[in-house]
Amino acid sequence: MSTARYWRVFVPPSTFSIVACDLDRREWGVAVQSKFLAVGGLAAWAEAEVGAVATQAWMNVGWGAEGLNLLRNGVPAAEAVGRLTAADPERAQRQLGVVDSRGRSASYTGAGCLDWAGGRTGDGYATQGNILASGDTVDALAAAFEATRGAPLAERLLEALERGQEAGGDRRGQQAASLVVACRGAGYGGSNVAVDLRVDDHPEPIAELRRLYALHRLYFGTTPAEEWVPVTAELEQELSVRLARLGYASGDLESDLSAWAGFVNLEERVDSAARVDPVVLAELRKEGS
């Protein structure tokens, strides 16, 4: 009688990420891509006025909450990394990136992470990756972030992911990506979650994340007040006609506009009938033509 033996080999998820902040905008965030299903649910952590954490490779999922708790209590990024890794007997297989409330950053790569593995740190950011085509990926993440200074943090992080993928990305390919940005009061309804987008399983997750971010900007973005369009008598007539075509014809423009905007998830882009957000105007012209 023959006896067969079977082994299940665990291959750590190949991942690259960037944790970063913009102290002028008071934004902290994480962007990550991995050959790992729904990586954003485990790897990316950010809290407004506290910092951001990325845990990856053979990830210790507890490092996200534990890392933010250390940062919340004033522990600098490098010390937080030191404490987390020192307490973990499996740290040789782990990878970690942290940025704190003051923009200090730190990156850790365990000696047992699969090649190519490593990280880079700079002013307000840390990039890291494992099972990469080469170190060019984390270098591209860093270069893209530095080159986009002045743009909203979400855009800088997404640009960094795109450049990292172009530089080689994961040796095992793509599967999931995530973009998280925290900023006090900047999210829907005044929440601190400014952006929280995930692509859990897709052949081109970064491209899909870019598409989702465009929708996020449509629904939840803001247009500078000086760019809003005054509602003249002529425009009021146009708005009323278009809203009536869509079934909003109470005779009260402000009420009808608000009701329609809420129906199409644009309610945060409407504040009165005296002026209109150009994004809302463009959508209404498309829907009510």
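The values are calculated or read from the model by the stated rules, or taken from the named source; none is laboratory data. Only a predicted model underlies this, so the values are computations on that prediction, with no experimental measurement involved. Because the Cβ atoms are built from the backbone with ideal geometry, glycine has one as well, and the counts that use them run over all protein chains shown. The area values use the complete protein model at the heavy-atom level, side chains included, leaving out ligands, DNA and RNA. Shrake-Rupley method; radii C 1.70, N 1.55, O 1.52, S 1.80 Å.
What does the charge count around Val99 come to, taking other residues whose C-beta lies under 12 Å from its C-beta (Lys +1, Arg +1, Asp -1, Glu -1)?
After counting each charged neighbour, the total is -3.
Any idea what diffusion coefficient segment 216-289 gets from Stokes-Einstein, in µm²/s, Kirkwood Rh on alpha carbon pairs, 10 °C, 1.306 mPa s?
Taking Rh from Cα pairs, D becomes 131 µm²/s.
Given 0.36 nm per residue, what is the gain on full extension from His202 to Leu37 after removing their alpha carbon distance, in nm?
Contour length minus the Cα-Cα distance gives 58.5 nm.
Give or take rounding to whole Å, what are the principal axis extents of the alpha carbon atoms in segment 67-188, in descending order?
Projected onto the principal axes, the Cα atoms of segment 67-188 cover 39, 37, 25 Å.
Would you mind counting up the charge near Lys286? Only other residues with Cβ under 13 Å from its Cβ, with Lys and Arg at +1 and Asp and Glu at -1.
Cβ neighbours under 13 Å give a net charge of +1.
Pop the C-beta distance of Arg171 and Glu90 into the FRET formula with R0 = 22 Å and round what comes out to the nearest 0.05. It would help to have the intermediate numbers written out before the result.
Working: r = 22 Å, r/R0 = 1.01.
With a Förster radius of 22 Å, E is 0.50.
Using the Cα atoms of segment 121-180 to build a convex hull, what is its mean projected area in square nanometres?
3.9
Calculate, for the chain, the solvent-accessible area per residue in square angstrom, rolling a 1.4 angstrom probe over the heavy atoms of the protein chains.
Normalised by residue count, the accessible surface of the chain is 47 Å².
Per residue of the chain, what 222 nm ellipticity follows from adding -39500 (n - 2.57) for every DSSP H run with n ≥ 4, rounded to the nearest 500?
Helix contribution divided over all residues of the chain: -10500 deg cm²/dmol.
Whenever you get a sec, compute what percent of the accessible area on the chain sits on carbon and sulfur atoms (1.4 Å probe).
Carbon with sulfur: 50 percent of the solvent-accessible area.
How large is ³J(HN,Hα) for each residue in segment 265-278, as worked out from phi by the Karplus curve 6.51 cos²θ - 1.76 cosθ + 1.60 (θ = phi - 60°), to whole Hz, x for Gly and Pro?
6, 10, 4, 7, 9, 10, 10, 5, 9, 7, 8, 9, 5, x
Take the alpha carbon atoms of segment 201-256, find their center, do the same for segment 93-135, and report the distance between the two centers in whole angstrom.
Between the Cα centres of segment 201-256 and segment 93-135 lies a distance of 40 Å.
Taking amide hydrogens as modeled 1.01 Å from N in the peptide plane, which residues meet the under 5 Å criterion relative to Val276, leaving out close sequence neighbours?
Hits under the 5 Å cutoff: Val229, Val231.
So if I restrict to the alpha-carbon atoms in segment 15-139, what is the Rg, and what is Dmax, the biggest pairwise distance, in Å?
Calculated on Cα positions, Rg and Dmax stand at 12.9, 38 Å.
Using alpha-carbon pairs under 8 Å, 6+ residues apart, how would you state the relative contact order of the chain in percent?
17
Please report, to two decimal places, log10 I(q)/I(0) for segment 128-234 at q = 0.11, 0.16, 0.18 Å⁻¹ as given by the Debye formula with identical point scatterers on the Cα atoms and no solvent.
Each listed q maps to, in turn, -0.43, -0.79, -0.94.
Just the ratio, please: alpha-carbon radius of gyration of the chain over 2.2 N^0.38 Å, N its number of residues.
After normalising by residue count via 2.2 N^0.38 Å, the value is 1.19.
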